[in-house]
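The values are calculated or read from the model by the stated rules, or taken from the named source; none is laboratory data. This one's a predicted model, so the numbers in the text were calculated from it and none came from an experiment. Reconstructed Cβ throughout: ideal geometry from the backbone, glycine too, with neighbour counts over all protein chains shown. These accessible areas exclude ligands, DNA and RNA; they are computed on the full protein's heavy atoms, side chains included. Shrake-Rupley method; radii C 1.70, N 1.55, O 1.52, S 1.80 Å.
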Amino acid sequence: MMAFSRIAAVFLSLLALVSCGDQQIEQHPVYRIQAGSDLKIFVTTDIHYLSKSLTDGGAAFQRDLALGDGKQLRYSEELMKAFAYDVQIQKPDITLISGDLTNNGEKQSHLDMAGHLKAMESSSGTQVYVIPGNHDLLNPWSKSFKGQHQYKADSISPKKFRKIYAPFGYDEALSKDRHSLSYLATPSDKLWLLMLDTNMYRNNKELRHPQLEGRLSSSTLKWIDQCGKLAKQKGAIIVGVMHHSLLDHSELMHDGFTIQNTQKVSEVLLRNGIVTVFSGHIHIQDISSYKQGTEQIYDVANSALSVYPHQFGIMTYSNANHALDFSTSPLHMELWAAAHRVADPNLQHFKPYSGSSFGQLSFNGSYRRLTQNLSYTKYTEPQLQAMANVIQRLHKNFFAGSRVEDLDDITSSEGYQLWLTAPPGSQKNYVLQLAHQRDKDNQHLHVTFP
Ligand code: FE
Ligand code: MN
């Protein structure tokens, strides 16, 4: 009897798989969230977590930070704990992370990260789902810092990624793509998640850096059609999550940031009823959309959790309205620090601390590039400083995706006037484009479903 029921179970589970070429998809999703519930979902990205065991905070680490792009790597541990505290207080049903979980794919950073996610799930009841970003896999830049020196650190393979993050998507998936680390998760009867691996990491070793570009292969696109078909049968909405941009977000960032086959992928997503995608990678907050006939798809690029102003997204799904609402939320580092009696004043007053260190980094980088540019040798030191100051001010709004409230003030400044009369070049174009970003809301979105 025992043997028979086991055989019957195997037979039934085989029946439950529908083949399409070499792809298979199960027909019977198990929903952990009660049927018909409204949902609250946290969406974050580009945490770039660096294990504390990989840095002593010494000279080599400080040098790396000074040449970096504003990630608060010094406070990786605290950023994760503060985020977990927000999750614990607000108890979202689901927490999504769209890649670049680690600084440069260090094995120890991944192991620590999985530990944080496990604690987050058990303290809040949230369900965490992750996908990798271009920095997370087979990364030749994986390193540790000690004193004056950097040392090579172990990175991880895609197979290892699947294993480390088994409890955060891979073991719970209804279907896994055979050609990438993409999977379909079905946490609720109403809302499914298409977690897409857009990374290209196979040539990282030869390139000696993590490949920036992303795309989805034609076999992954076929698999998406299967996922879409099943969701339609079951009456579920699918939301997409990917690391690279689905759509261009700014004239300043597209090559290497938007997936190479943006047109094809947008078509495939639209024909499967997928009209909302969350991405990361560009480290700025920006919402763009693409229209095809009467249909429209949105790509919400969230800014990096590790970079000022340290915000993340909150999405709610209303069953009655059949609609998604998205808005950004600040990370409450100060609340976490107060609740845990953290003595470090930088953490007690994290927003001003991080804002000024981000501003300083942005100023220093711009000033350095100006002094190295031969077209600008005729300018005095105070003039170059005024010009660098313009970039610093424009960057703050650009990264946050917020309206430039003080734009008139910036454009009437001496530094901006110097830029206007400066000789043509890429730095000048950059500044003019930063000042003329399209004025749109990148922090809110409302999507209704038919
Ligand atoms: Fe990143
Ligand atoms: Mn990235």
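If we keep just the residues of region 259-303 that are over 17 Å from LEU193 (Cβ atoms) and part of a helix (DSSP H, G or I), which is nearest to ligand 1 (Cβ to nearest atom)? So, considering only residues that are over 17 Å from LEU193 (Cβ atoms) and part of a helix (DSSP H, G or I), the one nearest to ligand 1 (Cβ to nearest atom) is THR262. Do we have SER182 as crowded, with 24+ Cβ neighbours inside 10 Å, in contact with a Leu (Cβ under 8 Å, 6 or more places away or on another chain) and not aromatic (Phe, Trp, Tyr) here? Here the answer is yes, as SER182 does meet what is asked. For region 228-258, the candidate set comprises residues that are in a helix (DSSP H, G or I) and open to solvent by less than 10 Å² (accessible area, probe 1.4 Å); within that set, the residue that is farthest from ligand 1 (Cβ to nearest atom) is LEU230.
Being assigned to a loop (DSSP other than H, G, I, E, B) and either within 16 Å of ligand 2 (Cβ to nearest atom) or open to solvent by 30 Å² or more (accessible area, probe 1.4 Å) (or both) is the filter here; which residues of region 77-96 pass it? Matches in region 77-96: LYS91, ASP93.
Filtering region 310-337 to residues that are within 16 Å of ligand 1 (Cβ to nearest atom) and closer than 23 Å to LEU361 by Cα leaves HIS310, GLN311, PHE312. For VAL342, the criteria (1) among the hydrophobic types (A, V, I, L, M, F, W, C); (2) open to solvent by less than 10 Å² (accessible area, probe 1.4 Å); (3) assigned to a loop (DSSP other than H, G, I, E, B) hold in every case but one, which is (2). Can you find a residue that is within 19 Å of ASP46 (Cβ to Cβ), within 16 Å of ligand 1 (Cβ to nearest atom) and modelled with pLDDT of 95 or more anywhere in region 146-156? Yes, there is a match, as at least one residue in region 146-156 is within 19 Å of ASP46 (Cβ to Cβ), within 16 Å of ligand 1 (Cβ to nearest atom) and modelled with pLDDT of 95 or more.
Among the residues of region 116-155, those identified as among the basic types (Lys, Arg) and open to solvent by 70 Å² or more (accessible area, probe 1.4 Å) are LYS118, LYS146, LYS152.
Do we find that ALA323 is under 24 Å from LEU193 (Cβ atoms) and either touching an Asp or Glu at 6+ places or on another chain (Cβ under 9 Å) or open to solvent by 10 Å² or more (accessible area, probe 1.4 Å) (or both) in this structure? It is false that ALA323 is under 24 Å from LEU193 (Cβ atoms) and either touching an Asp or Glu at 6+ places or on another chain (Cβ under 9 Å) or open to solvent by 10 Å² or more (accessible area, probe 1.4 Å) (or both).
Quick one: would you say PHE399 is open to solvent by 20 Å² or more (accessible area, probe 1.4 Å) and within 30 Å of TYR317 (Cα to Cα)? Yes: the conditions hold for PHE399. Residues in region 279-301: is at least one open to solvent by less than 10 Å² (accessible area, probe 1.4 Å), closer than 19 Å to HIS395 by Cβ and among the polar types (S, T, N, Q)? Taking every residue of region 279-301 in turn, at least one turns out to be open to solvent by less than 10 Å² (accessible area, probe 1.4 Å), closer than 19 Å to HIS395 by Cβ and among the polar types (S, T, N, Q).
Conditions (1) among the aromatic types (Phe, Trp, Tyr); (2) open to solvent by 60 Å² or more (accessible area, probe 1.4 Å); (3) within 30 Å of THR316 (Cβ to Cβ), marked per residue:
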site	(1), (2), (3)
ALA338	no, yes, yes
GLN383	no, no, no
ALA388	no, no, no
ASN429	no, yes, no
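Against the test of being within 16 Å of ligand 2 (Cβ to nearest atom) and of a type outside the set (Val, Ile, Thr), the options GLN233, GLN296, GLN260, GLN292 yield a single qualifying residue, GLN260. Would you confirm whether or not region 347-356 contains a residue that is more than 28 Å from the chain's Cα centre (by Cα) and open to solvent by less than 80 Å² (accessible area, probe 1.4 Å)? No, because not a single residue in region 347-356 is more than 28 Å from the chain's Cα centre (by Cα) and open to solvent by less than 80 Å² (accessible area, probe 1.4 Å).
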